1. Which of the strands (runs of 3 or more DSSP E) found entirely inside segment B:140-244 contain at least 1 residues meeting this: open to solvent by 20 Å² or more (accessible area, probe 1.4 Å)?
2. Listed residues A:ALA89, A:ALA17, A:ALA114; which is loosely packed, with under 15 Cβ neighbours inside 10 Å and either in contact (Cβ under 8 Å) with a residue 24 or more places away in the chain or in a loop (DSSP other than H, G, I, E, B) (or both)?
3. From the list B:ARG100, B:ARG57, B:ARG62, B:ARG93, pick out the single residue that is more than 12 Å from chain A (Cβ to nearest Cβ), closer than 30 Å to A:GLY45 by Cα and basic (Lys, Arg).
4. Residue check: is B:GLN35 in contact with a Ser or Thr (Cβ under 6 Å, 6 or more places away or on another chain), more than 12 Å from DNA strand D (Cβ to nearest atom) and not in a loop (DSSP other than H, G, I, E, B)?
5. So in segment B:37-60, with the set limited to residues that are open to solvent by less than 40 Å² (accessible area, probe 1.4 Å) and more than 8 Å from DNA strand C (Cβ to nearest atom), which one is nearest to A:MET1 (Cα to Cα)?
6. For segment A:20-29, name all the residues that are open to solvent by 90 Å² or more (accessible area, probe 1.4 Å) and either modelled with pLDDT of 90 or more or more than 13 Å from DNA strand D (Cβ to nearest atom) (or both).
7. Return a yes/no flag: does segment B:154-173 have any residue that is more than 28 Å from B:GLU280 (Cβ to Cβ), within 14 Å of chain A (Cβ to nearest Cβ) and either modelled with pLDDT under 95 or touching a His at 6+ places or on another chain (Cβ under 7 Å) (or both).
8. So which residues in segment B:20-36 are within 12 Å of DNA strand C (Cβ to nearest atom) and in contact (Cβ under 8 Å) with a residue 12 or more places away in the chain?
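The values are calculated or read from the model by the stated rules, or taken from the named source; none is laboratory data. The structure displayed is predicted, hence computed values, not measured ones. All Cβ positions, even for glycine, are placed from backbone atoms using ideal geometry, and neighbour counts span all protein chains on display. Accessible surface areas use protein heavy atoms only, side chains included; no ligands, DNA or RNA. Shrake-Rupley method; radii C 1.70, N 1.55, O 1.52, S 1.80 Å.
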Protein chains: 2
Amino acid sequence: MRPTVNDIAREAGVSLATVDRVLNARPGVREKTVQAVNDAIARLGYVRDLTAANLARSRTYRIAAVLPDTESQFIQSLAAALQEAGQAAATSRTELRLHRFPAEDPHALAALLADLPGKGYAGVALMAPETPVLRDAVRSLRAKGVPVVALVSDLPTTGRDHFVGIDNRAAGRTAGVLMGRFLGNAGQVLVLGSSLLARDMVERRRGFDEVMLRDFPGVEALPSLETHGSSRLLRQAVAERLANTPGIRGIYAMGDGHRALTQVLDEIGQSGKLILICHELTLHSRQALQSGEITAVITQNLGHLARSTLRVLRAKADSQPLDEGQEQIRIEIVLRENLPLTADSETTTASDAA
Amino acid sequence: MRPTVNDIAREAGVSLATVDRVLNARPGVREKTVQAVNDAIARLGYVRDLTAANLARSRTYRIAAVLPDTESQFIQSLAAALQEAGQAAATSRTELRLHRFPAEDPHALAALLADLPGKGYAGVALMAPETPVLRDAVRSLRAKGVPVVALVSDLPTTGRDHFVGIDNRAAGRTAGVLMGRFLGNAGQVLVLGSSLLARDMVERRRGFDEVMLRDFPGVEALPSLETHGSSRLLRQAVAERLANTPGIRGIYAMGDGHRALTQVLDEIGQSGKLILICHELTLHSRQALQSGEITAVITQNLGHLARSTLRVLRAKADSQPLDEGQEQIRIEIVLRENLPLTADSETTTASDAA
DNA sequence: GCATTTTTGAGGAACGTACCTCAAAATGCG
DNA sequence: CGCATTTTGAGGTACGTTCCTCAAAAATGC
């Protein structure tokens with residue numbers, strides 16, 4: 001049988017009340033007694049039963065996930081993964097609520113965040129561009145004791161408690177090696193990004209160039225083409241570039257918009273002829289991998305991301321330490337050959353089925 | 001406030017006892033009443049509070065992990081990862097005990113397994129070769145109601161409840177694409193495996209060949225060289241082959257023994273000149289990746305593996321459904337550029353620090 | 001309609017911890 | 001030493017569920 005608080009009390013020769021005071025760091029216990037209790041704890045190898053503790057505390061965790069209201073397949077998948085993780089966590093006294101904000105309106109976002117503490121939220125997960133208004137809003141949240149984690153794209157200047165996502169610079173480097181090696185260190189590479197204002201895009205580009213310069217002098221990475229999430233812009237620009245620059249043998253797509261990209265390649269008869277490396281495994285990129293239109297996808301496991309978010313926020317809310325290893329989100333390389341069968345990490349969830 | 005069993009009783013117009021009978025599928029309730037209760041549950045959106053339930057049940061999970069007593073760095077790491085996951089799970093009424101068996105003695109293993117049910121184990125995780133003796137032992141365990149999961153190498157014929165590990169065929173395919181592409185579809189490849197009796201080795205080889213035949217006709221994959229875990233054998237064989245077969249431009253090492261391999265390559269002056277693809281990220285393979293001696297490592301996250309093992313066994317012990325997505329172990333591709341900083345998935349744990 | 005069986009209700013104890021109150025004991029100080 | 005103050009003890013209730021008993025009520029068969 002595992003030792004309980006009563007066993008500690010007996011072992012330490014003190015009362016249950018005192019043990020409780022020590023365990024929960026309540027005041028009014030002599031240093032000497034604290035020691036005696038801690039010794040007994042160590043001797044018995046006591047570990048607090050968290051299930052009982054949470055029950056007694058009737059602790060519940062209401063958590064807010066705040067995402068832009070973009071239509072992108074990636075955001076949809078992220079939302080679905082969060083919902084799913086929330087469902088699964090319902091049995092452990094955790095409740096997740098999804099909030100959307102107008103993608104281009106930092107003030108609406110700030111207002112939304114300001115409203116959260118009053119509603120009894122134990123933590124907030126946030127994916128948003130790092131504006132000054134946001135910075136203040138996050139600081140104010142944290143000042144009120146509500147932990148905040150940044151999702152997917154980091155927000156270092158806001159002083160967020162944690163970042164849940166991949167190291168985008170390393171992701172860019174990974175794309176770089178794959179591209180360099182697959183091209184055999186020769187040829188030009190077209191680089192596409194949704195916006196050079198987003199931190200993740202900048203970091204990916206930096207990582208990509210780093211590897212290219214160091215290891216693949218034979219490859220020329222062209223300046224980034226910004227698509228601003230517009231598929232028309234993307235198709236036009238890509239078609240034009242490929243026509244004008246015959247040396248292009250690879251494309252590195254740092255942002256979303258796989259669909260428009262594979263479409264335009266198909267139209268101009270280049271489908272499957274270029275090395276194409278993208279980010280994020282979605283329903284579409286999965287198909288394109290399978291058909292050989294996309295060579296490799298750099299991705300992160302959204303299921304893991306969502307579960308990690310909940311775990312981290314719960315831990316922060318209780319100011320408990322994290323299991324760093326478990327919370328590190330891996331940079332996954334997906335080729336046709338190691339395409340996961342289904343589910344989880346991915347984008348094929350409820351929202352797609354509908 | 002979340003609804004409780006009492007709320008259901010009120011809502012359904014029955015007593016608490018009846019609600020309990022329905023919730024726990026106890027007999028003696030009319031179909032009509034069951035329906036009424038289920039309706040109330042649905043109407044209120046009740047979700048059982050597992051923490052309270054486990055507390056009331058005073059359910060604890062004693063789990064055995066059974067591994068061969070091999071010295072290999074991989075097994076050591078796996079053991080460390082399991083220990084660590086066990087530590088972390090201690091707060092949730094889970095206790096993990098590690099058992100070792102003599103690697104070459106199936107009967108000792110069977111005896112060990114036969115002894116477990118008496119000791120109150122709620123589940124067993126097992127990594128072992130698939131012998132007839134083992135098959136019977138596992139079946140007998142399961143017949144006694146003890147769930148069994150296979151670790152790392154599957155045991156399909158034993159009727160194990162679950163397999164925790166990667167799809168080794170897909171892992172071989174992944175190694176294949178990387179090799180084929182990195183070689184630019186030309187040259188010969190030396191393939192090393194510890195033993196062709198181990199199921200994982202066979203599956204990796206099969207996957208590797210599959211891709212080679214289909215996608216890289218220019219590459220010739222030589223017959224597997226068995227090393228039987230002996231580094232002397234490995235060094236001799238590799239040196240000889242490389243000397244006799246100048247067309248070899250890549251090596252695919254399906255098993256362990258990275259250290260001996262990189263050493264012999266260094267000795268014959270081939271270090272870093274060949275494309276070298278291995279399995280399992282260990283302390284040594286990590287260093288070799290960093291120095292460029294190894295090109296790519298196909299690996300699985302041991303931290304994830306260990307945590308998944310515990311989750312699966314707990315679920316099986318309670319005959320609850322699994323979150324398939326969460327339990328799928330990914331095939332990870334590690335290059336120098338996406339080498340995780342530290343910890344977890346890996347081999348740099350307590351045992352190494354000691 | 002009666003006896004028999006099945007279904008239901010009421011209540012309580014338990015799991016291990018948190019948190020509260022009030023009184024008793026120990027300690028520190030002048 | 002006596003006083004005020006700090007520290008400790010004893011006991012209780014609560015969290016939401018499980019699991020038990022015993023009696024009462026309802027349904028069933030003949």
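1. Numbers: elements: B:148-151, B:162-164, B:187-193, B:219-221.
The strands (runs of 3 or more DSSP E) meeting that bar are B:162-164, B:187-193, B:219-221.
2. Just one listed residue meets the conditions, A:ALA114.
3. Checking each option against the conditions leaves just B:ARG100.
4. In short, no.
5. B:ASN54
6. Of everything in segment A:20-29, just one residue is open to solvent by 90 Å² or more (accessible area, probe 1.4 Å) and either modelled with pLDDT of 90 or more or more than 13 Å from DNA strand D (Cβ to nearest atom) (or both), namely A:ARG21.
7. Scanning segment B:154-173, I find no residue that is more than 28 Å from B:GLU280 (Cβ to Cβ), within 14 Å of chain A (Cβ to nearest Cβ) and either modelled with pLDDT under 95 or touching a His at 6+ places or on another chain (Cβ under 7 Å) (or both), so the answer is no.
8. First, the residues of segment B:20-36 that are within 12 Å of DNA strand C (Cβ to nearest atom): B:20-22, B:26-36.
Hits for segment B:20-36 are B:ASP20, B:VAL22, B:THR33, B:VAL34, B:ALA36.
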